[in-house]
Structure formats: C-alpha cells, structure tokens
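Structure first, commentary second.
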Amino acid sequence: MIRILILIGFTFLFMHLHATGDISKYINMKYSYISFSAIFILGFLTLVQFYIYGKSEDGEHAHDDSCTPDCGHDHHKKPSRLKNVTVNSILIFPIISGLFFPIASLDSETVKTKGFHFKGLENEGDFGEHQFLKPDTSVYYGKESYNSIMDKELKPFTKGNQVVLNDKNYLKGMESIYYKPGIFLGKDVQFKGFTYNAEDKAAKSNELFLLRFGIIHCIADSGVFGMMVEFPKGTKFPNDKWIEIEGSIETQYYQPFKADIPYVKVKDWKEIEKPKEEYVYRGY
Amino acid sequence: MLDKSFLQMNTVFISILIEALPFVLIGVLIAGVIQMFVTEEMVARIMPKNKIGAVLFGAVLGAIFPACECGIVPITRKLIEKGVPVFAAIPFMLTGPIINPVVLFSTYVAFGNRWEVMIYRGGLAMIVAVLLGFILAVQFKNVKVLKNEIGAVSRSPFNNETAATVSIPKISFYNKLKGTFVHAVEEFFSVGKYLVIGALIAASMQTYVKTSTLLDIGQGEVSSSLVMMGLAFILSLCSEADAFIASSFQSTFTIGSIVAFLVYGPMLDVKNVLMMLAAFKKKLVVSLVVYITILVLLGSLFL
C-alpha cells in the first residue's frame, strides 16, 4: 500500500513541477521533455503497483506465473519492519521536501562555494577559458568556426549604441562583450543581475559584480555569468540585491584576474524585485 | 524556519533527482524486459565460450548500448542473474554510460569540436573496462556476486512451479509483458532508495564543501588526476553534462586529469556506487572501486 502512495507521490511531484512551471527552477527547460515523459512512466508504474496490490493481499508479492526462479529481489526474504520503514521514508523524503519545502535559489553563497572559476581570463582568447563571468562557447565550436559564428552573433549587439540584455540574449550578449570588448567600448549597456562583492580585500567598495546563474542541464551544473560594475563612489550594496543597471562599457586592468576586463561604469540603476525567471539557460 | 543553505541543498538534491529519475525509469523497464524475454539459453548461445571473447563481447555490447550510469546498474544485475558471467557484465556496465553517441557527441562539442578528448575518453574507458574484465575473470571465477542471490532461489515459494516454466517456455506474450512491468516496479523500489541517498550526498557536497579547497590540494601530475577523480565522484554529474563542466577546467588541469574526470565519473560516483551496493555483494563493489581507481589513474598518467 505504501508503495502505491510513494509512486503516486513521485508522479504527482513531477506533475506538480510541470504544472506550476517550477521545474524551470531546477532544470533547463530545453530538456523538460525528458522529465515530462517520466510523469507517464511513473503513472503507469503506479497502475502496475495497484495491480500487484490487488493481486496479493499484503501487496508484498505477486509474481504469479510470470516469475522465474532466478528473480532475486529483496522482498523474497521478508525485510524487517524497521528496515521497511527506513527504506520507505528515504523514498518519501524527496516527495515531501520537493513538494513542501520552498525552492531555494542559488545566490552569492553558492558563488562562494562554487567560485573556483574565479581566475581564468589570463590566457585571453584561448580555448580553455573558464566559464566564470565569461560565457565562452568557443568550447562548443572550435576556434575558426567559433570566430565566424561569434562575428555573426556579434551583429545584433553591435547595431546602434545601446546593448540591452534580457533573459534570452544574456549569455550570448555577455559572451560577445568578452569576445571583442573593443567594439563595445563606450557603448551603453543595460542588464540586470544580483550583486556579488568579491572576497578580495583590495576591491573598492563601489566595485562589485552583477551576476546571473546560467544552467546547462540542471542547477547542479550551473555556473555564474556577468560583469564587474562600478558605481559612483560611496555606493555600496550587500550581496544578493537584484539591480538593473545602465552604463557604458569600459575596460580596466583587474588584479585578481591579471587581465584587462570589460566593466560597466554605471550611470543609472534601480533596485528591482528578484525576477520570475532568475536563471538564464543555455539554448544549444 | 529552515536554514537557507539546507534549502539550497534540497533544491540541488531535487534537481539531481529530476535529472536522473527518468533514466533510472528507463533502466528498470529494460531490466524488466530482460527479466521476462531473455532466457539463460539465449545468453549461453550468444556468449562467447572463452573468457577473453566474453570480456570483449561485454565491453563492445556496452559501447553499442546507450545508457546512463544510474540506469545501467539494474540492467547489469539482471544480466548477471540471467547467467552472463560477471567478467562480461561489468565491462558492459562500464562502457555503456561513456561510449554512446550522445555522450561522445557532447564531449566532442564541449571540447571545441576537437576529436582528441573524445577519443581519449572513449579509448581509456574501453581499456579500463577490458582490463577490469580480465582481472574479474581471474578473481571472481565461480563466486556469486549478486546480493540475495542464493536466498532468492531457495526461498522463493514459487520455486517448484516456475522451474518448469523455464525449461518449457510457455508463458504467453501478454503474461511476459505483465511480468516485465511488475519486475520494473520491483526494481524501481530496490534501486530507488540508493538513488535518493546518493543524490542527497552529492547535493550536500556541492552545497557545503568549497570546491576551491579541493582544487588547491593538487597540481602535481598524480595529485591533479586524483583531485579530478574525486571531484567527478562527488559531483555525480550525468555523463551527458559532465564534459561541459570538465571543459571549464582546461586551463588549470592537464588533459590527462580531465580525461580521468570524464572516465571515472560515469564509472563511479556517489549515487551509482550506492546503487551497486544494492545490487552486488560488497566484495565485488569494493574490488571495482579499487581497480577502477588504479586503472583510471594509471591511464591518465600516460596521456
């Protein structure tokens, strides 16, 4: 009986995540069809478990004539009650925690733990760029084709004097800016992200990072992308404030990265609510 | 009020589950199909008689068979139950999640459309799997390796009736299909708990252990390989996504240690070792961990 409930629970958990759209806080929606089909498999297995339960009174064993002597399942020797309870509660835990615990979002704490990509601009233009800050899809294309693709992708951003980054073009836009900072020098840029103060003591308090998490498959493999921003002197922010900024792109030598990096000289900013879609997703 | 970092851990945990569960479901369904439709006679007919042939057969079959590292454990267990020798089944389990079109393609793409890493990855996986097969052929010649194997046969109340059905296969297709799904459910429950625990451990590691501490440990040739293998074990990424993570380590780590990451992760990680413990005897699992670690480490030093 408890097994039926567990299977219903899992089916419902997957259904719930899809129905409410919360699934996008866990995985890249590009792969959502995989977990979507899991709903049907789970639903079907639930029916099978119903059938097993109906066949045998205690729901423990119903292999009937289809069982060959070599089917070696745990249940052949009846597990102790205690073991049963433990096993079932392990399976019930994710159902409860998935349904009822609030979904936490990745934030500056995560950056601190995961922030091992913090160096990496040293060998500018090389393959092995770290994916921190600089979304480098050159790793996806190979050098030459990468350059030609990048030049093409650059186009929409180089038109006019203003670059506006939204949820859709965030990763591509960031990549373009890091790819050829020269073209963007002096241009206006607009984007949003959460604040992150580098753990570097030498950093000026009005210089911080504005970042967003980018997701490949699921949030277990996410990384952060964004730019350093410079506010007027005296402006300070705690970590994890969502801000929308507008400013011009400049470059400066940044000691911790040992490289010139593009940054934004902020002209105008406003604090905003955490956006509904806080992550950006890799589209290819 | 629950701690924020706990909630983050929980969120990562659920996301790993969401990512892995569909593939485990496919795995248990295939295991169910093997249970009902593959007979020991069929296995005996197809399996090469000599050991070297059997090892190679297992490794090549794994290379053709697309699977992910959590889905393949129940399948492997079923195959051993059906009489596939352990030294053929384990190479199958090891090459399955690495050498398949999706994984190799994502590796190729992740490393800038260059063939080297992909070839190293596939090649080292094949070599490790085959060598391991040979070792197992000597060590586990006639040993029972499955958990509850003896218990299952002797205690089954259906032993006598069903013994007949094996020698004279008279089960209708409908019944076989029914049996497939019943077994899939059983398999799901026997393997599911380990998936949950594994995902939980991996998520806590990601949330509470500073990755930078780990990376600071080693930059030497041996130690950097060991660090990358440790990282692969802890992160428990799906073999389709791990290449993208690995590629971000390119400038800090040698190609050898990156290949070690890519080969070791799909063979051994937190969730799949726990799932193996559910399926196989401890002795086999411990041997696998030791041998794979040594072989992958040695292999990575040659690159």
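DSSP loop trypsin sites (Lys or Arg not before Pro) in segment B:21-100 with at most 12 other Cβ atoms within 10 Å of their Cβ, which ones? Answer by residue number: B:49.
Computed from backbone phi, the HN-Hα couplings of segment B:5-22 come to 5, 5, 5, 5, 4, 4, 5, 4, 4, 4, 5, 5, 4, 4, 6, 8, 4, x Hz, rounded to whole numbers (Karplus: 6.51 cos²θ - 1.76 cosθ + 1.60, θ = phi - 60°; Gly and Pro given as x).
Remark on residue A:259: its backbone amide H falls under 5 Å from those of A:254, a criterion applied only to residues 5 or more positions apart or on other chains, H modelled at 1.01 Å from N. The H on the amide N of residue B:147, modeled in the peptide plane, is under 5 Å from the matching H of B:280, B:281, each at least 5 residues off or on a different chain.
What GluC sites (Glu not before Pro) does segment A:175-262 have in DSSP loop regions with at most 13 other beta carbons within 10 Å? Qualifying residues, ordered by number: A:199.
Relative contact order, percent, of segment B:1-128 when contacts are C-alpha pairs under 8 Å separated by at least 6 residues?
Reported as a whole number, the value is 25 percent.
Checking the Cα-Cα distances for A:172/A:241; A:168/A:267; A:55/A:83; A:192/B:271 against a 30 Å cut-off, the pairs over it are A:192/B:271. A DSSP coil position with no more than 16 other Cβ atoms inside 10 Å describes the following trypsin sites (Lys or Arg not before Pro) in segment A:225-284: A:233, A:236, A:241, A:258, A:276. Peptide A:102-110 has a mean shielding of 5, counted as Cβ atoms of other protein chains within 10 Å of each residue's Cβ. Evaluating 6.51 cos²θ - 1.76 cosθ + 1.60 at θ = phi - 60° for every residue in segment B:277-288, the Karplus couplings come out as 4, 6, 9, 10, 5, 4, 4, 5, 4, 4, 4, 4 Hz, glycine and proline recorded as x.
Calculate, in whole percent, how much of the Cα-Cα pair population of segment B:1-100 lies beyond 25 Å. Kindly include the intermediate steps, with their values, before the conclusion.
Numbers: 1486 of 4950 pairs.
Summing the P(r) of segment B:1-100 above 25 Å gives 30 percent of all pairs.
Read the figures in this text as sums done on the coordinates, not as results from a lab. In this text, all values refer to a predicted model and were calculated from it rather than measured experimentally. Because the Cβ atoms are built from the backbone with ideal geometry, glycine has one as well, and the counts that use them run over all protein chains shown.
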